[in-house]
1. Could you identify the single residue in LEU63, LEU58 that is among the hydrophobic types (A, V, I, L, M, F, W, C) and over 21 Å from the mean Cα position of the chain (by Cα)?
2. How about region 1-38: which of its residues are of a type in the set (D, E, K, R) and within 23 Å of the chain's Cα centre (by Cα)?
3. Given the structure, is GLU52 among the charged types (D, E, K, R), modelled with pLDDT under 90 and surrounded by 10 or more Cβ atoms within 10 Å (Cβ to Cβ)?
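The values are calculated or read from the model by the stated rules, or taken from the named source; none is laboratory data. Because the structure is predicted, anything quoted here is derived from the model rather than measured. Cβ placement follows ideal geometry from the backbone for every residue including glycine, while neighbour counts extend to all protein chains displayed.
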Amino acid sequence: MKKYFELLTDRFLLMITAIIMILLAWLFWSSSGQSIFFEIFILIAITLLVAENVHLRLRIKTLKQNNNSN
């Protein structure tokens, strides 16, 4: 019963957090207008590309180390 209560509490807090984030996102987009959409999209794209590049460099490094040890 306690585990079920913890699960319900966790889901409730997750829903409250999601609603707050939705309200903050709506407030941001409604106050900034349409012109900021392109800048936000470009910022997200560049951030994702940098993160993927770092991930791939680390993956290549570990693969090279594994090949050298064999």
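1. One residue alone meets the criteria, LEU63.
2. Residues satisfying the conditions are ASP10, ARG11.
3. Answer is no for this residue.
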